[in-house]
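Notes follow once the structure below has been shown.
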Amino acid sequence: MLKITNSRCFSLAFRLACRFNSTTTSASGFPGENSDLRGDGAIRRTELYGSTIEQTYSGVLSFLRRNYTRNLKGVDVAVTGIPLDLATTYRPGTRFGPKGIREASVQLAELKTYPGGLDLFEDLAVIDYGDCWFDPGQPKTVPIAIENHAKKIIDQNVFLLSLGGDHYMSYPLLKAHVARYGKPLSLIQFDAHCDTWPDTYPDSLNHGTMFYHAVKEGLIDPKTSIQVGIRTYNDDFMGVKVLDADWVHRHTTEELVEEIRNRVGDTRTYLTFDIDCLDPAFAPGTGTPVCGGLSTAQAIAVIRQLGSINYVGMDIVEVSPQYDHANITALAAATLGHEFLILLRNKKMVDKSFLFGNH
Ligand SMILES: [Mn+2]
């Protein structure tokens, strides 16, 4: 591992140099030329920790170039895709979300974290577990397929970060987390939509009603849950605290962070980030965009200050790459996922409050 680390540091200096001197980009100038650890680290790396020299524009994709594996031994965090768009009410396409986020994520794996300068993957064992398999032709089988997929990971005491996929997926994911951590959980939801609209049918595949069912079934406690960025109407938010987009725009990041912290306290919390919380200017690649939302910079600033929350799971949903421009929505989602991982790394290495990992 030491050898990889050294060569990677050298490689970074080399790549930075290349940006200013194109004559040094020949293969003969590349450090570790005879190593078989250059490229496709997602499927070739044998260590859980550390990184591999990659061409950022090429190779096997995995989230942040982490090992693409279903082996959970020694793993802190598993990232999985839920390629679902059966529950969308407007434009479909989120089945391509996990693939789009993976593709956008790889450039974030190239450098140390900003602004902290951390070597994230020297400290946190993250894998890409691949996607949840289900048969889209048999919609009734999909929720239990997602729930069981998540349980396989969570039951090994591995933290799960799920990439969507339409927002309905949070419902079976909440069920899986409740099965392990007990109910109710608190919910921090970044979204343009509350998704607590009333629904007569408990089995509906609907990405606008799953938190109605989650509250009704006691999966989440509305008294310790909060929604941020909402800008669509509902007669009844079911007791969940709502800080709408207008509130966010009129207050500081620090005030928003304080409201969220006060609401959830130290309760076990599931964080769900619907990318349509961002304004369509920053996240056009989504199925049901609503004007007037947060900027990517606002969202990053908030997430960075939410490290003290007692997280049990997270998801990032509703990325629909075919409506995207220049991958900006997928890059926003990948960046938020990366920021979440930095929070978890700090919990493990600094706060010593990361209780996951089957070491
Ligand atoms: Mn939404």
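The values are calculated or read from the model by the stated rules, or taken from the named source; none is laboratory data. Just so you know, these numbers come straight off a predicted model, no measurement behind them. Neighbour counts run over all protein chains shown; Cβ positions are idealised from the backbone, glycine included.
Quick one: in segment 297-323, which of the residues that are within 16 Å of the ligand (Cβ to nearest atom) and of a type outside the set (A, V, I, L, M, F, W, C) is nearest to Phe356 (Cα to Cα)?
Asp315
Scan segment 155-164 for residues that are crowded, with 21+ Cβ neighbours inside 10 Å and either among the β-branched types (Val, Ile, Thr) or part of a loop (DSSP other than H, G, I, E, B) (or both) and jot them down.
Within segment 155-164, just Val158 meets the criteria.
Can you name the helices (runs of 4 or more DSSP H) wholly within segment 167-251 that have at least 3 residues being farther than 27 Å from Pro98 by Cα and either away from the ligand (no atom under 13 Å from the Cβ) or in contact with a strand residue (DSSP E or B) (Cβ under 7 Å, 6 or more places away or on another chain) (or both)?
Hits in segment 167-251: 245-250.
Inspect all residues belonging to segment 180-188 and state whether any of them is modelled with pLDDT of 95 or more and within 21 Å of Ser295 (Cβ to Cβ).
Looking through segment 180-188, at least one residue is modelled with pLDDT of 95 or more and within 21 Å of Ser295 (Cβ to Cβ).
Which one of these does Glu258 not meet: (1) away from the ligand (no atom under 16 Å from the Cβ); (2) of a type outside the set (Ser, Thr, Tyr); (3) in contact with a Pro (Cβ under 9 Å, 6 or more places away or on another chain)?
Failing condition for Glu258: (3).
Being among the hydroxyl-bearing types (Ser, Thr, Tyr) and more than 23 Å from the chain's Cα centre (by Cα): is that true of Tyr201 here?
yes
Pull up segment 261-282, narrow it to residues that are buried (at least 23 other Cβ atoms within 10 Å of the Cβ) and hydrophobic (A, V, I, L, M, F, W, C), then point me to the one that is farthest from the ligand (Cβ to nearest atom).
Val264
Only one of (1) surrounded by 15 or more Cβ atoms within 10 Å (Cβ to Cβ); (2) part of a loop (DSSP other than H, G, I, E, B); (3) not hydrophobic (A, V, I, L, M, F, W, C) is not met by Arg95, so which one is it?
It fails just one condition, (2).
Restricting the search to segment 306-352, which residues are assigned to a loop (DSSP other than H, G, I, E, B) and free of Cβ contacts under 8 Å to residues at least 40 places away in the same chain?
Across segment 306-352, the qualifying residues are Ala326, Lys352.
For the condition surrounded by fewer than 17 Cβ atoms within 10 Å (Cβ to Cβ), among the β-branched types (Val, Ile, Thr) and under 24 Å from Thr286 (Cβ atoms), what is the one hit in Thr200, Thr232, Thr209?
Thr232
Are there any pairs, at least 6 apart or on different chains, whose C-beta atoms fall under 9 Å, with the first in segment 52-76 and closer than 13 Å to Glu103 by Cα and the second of a type in the set (Asp, Glu) and in a strand (DSSP E or B), and if so, which?
Within 9 Å, the pairs are Leu61/Asp128; Ser62/Asp128; Phe63/Asp128; Leu64/Asp128; Arg65/Asp128; Arg66/Asp128.
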